[in-house]
Amino acid sequence: MSVLGDIAATYRGPRKVVRRHLAAGPREDRALAVLMGACVVVFLAQWPRLAREAHLAGEALGELLGGALMAWLFIAPLLFYGLGFVAWLVARAMGARLSPYDARMALFWALLASTPLILLNGLVAGFVGPGPGLTLVGALWLAVFLWFWVSGMAAGWRET
């Protein structure tokens, strides 16, 4: 199935989609591609907000975009790998026989699958600005991201 088809299917049944990805076997290249794709989309989602901030502050947009590029394409992937490792340790402590790859893929896929809401959040931040609308969209994204992540972890969960 295509990536966009998988993202749409994740909103109907996240556990099933992650199970299908995990059934293909551990492929770190695929996990990295999913993570980098998600980070690129999150970086793009920042553009409207950054353009608004640059305009209101009278700053150069290029500097803000450069900082966001550095953060989302170089630093964030390292942090997500670390978070995936911590999630694996927590799952192991809870008695799961989850592989580190399973934990990483669940996290990375949750981030990529929730990018439509991240894009919406970026548009609201850029065109509406701070307020209850932005808070609502941000909370909705967080809830969906956590739902996808927990469901993905459960898809790879095997009791010891």
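The values are calculated or read from the model by the stated rules, or taken from the named source; none is laboratory data. The shown structure was predicted, so the numbers you read here are calculated from the model rather than taken from an experiment. Heads up, the Cβs are rebuilt from the backbone with ideal geometry, glycines too, and the neighbour counts pull from every protein chain shown. Each accessible area value is taken on the protein alone, full model and side chains, heavy atoms only, with ligands, DNA and RNA left out. Shrake-Rupley method; radii C 1.70, N 1.55, O 1.52, S 1.80 Å.
Per residue, the chain exposes 53 Å² of solvent-accessible protein surface, assessed with a 1.4 angstrom probe and all protein chains in place. Per-residue extension of 0.36 nm, minus the Cα-Cα distance of Val86 and Ala57, leaves a gain of 6.6 nm for this segment. Normalised radius of gyration (Cα atoms, divided by 2.2 N^0.38 Å) for the chain: 1.11. Computed in the context of the full set of protein chains, the accessible area of the range 58-114 at 1.4 Å probe radius has 76% of its extent on carbon or sulfur.
Cβ-Cβ distance of Phe127 and Ser99, R₀ of 41 Å, FRET efficiency by 1/(1 + (r/R0)^6): the value works out to about 0.45.
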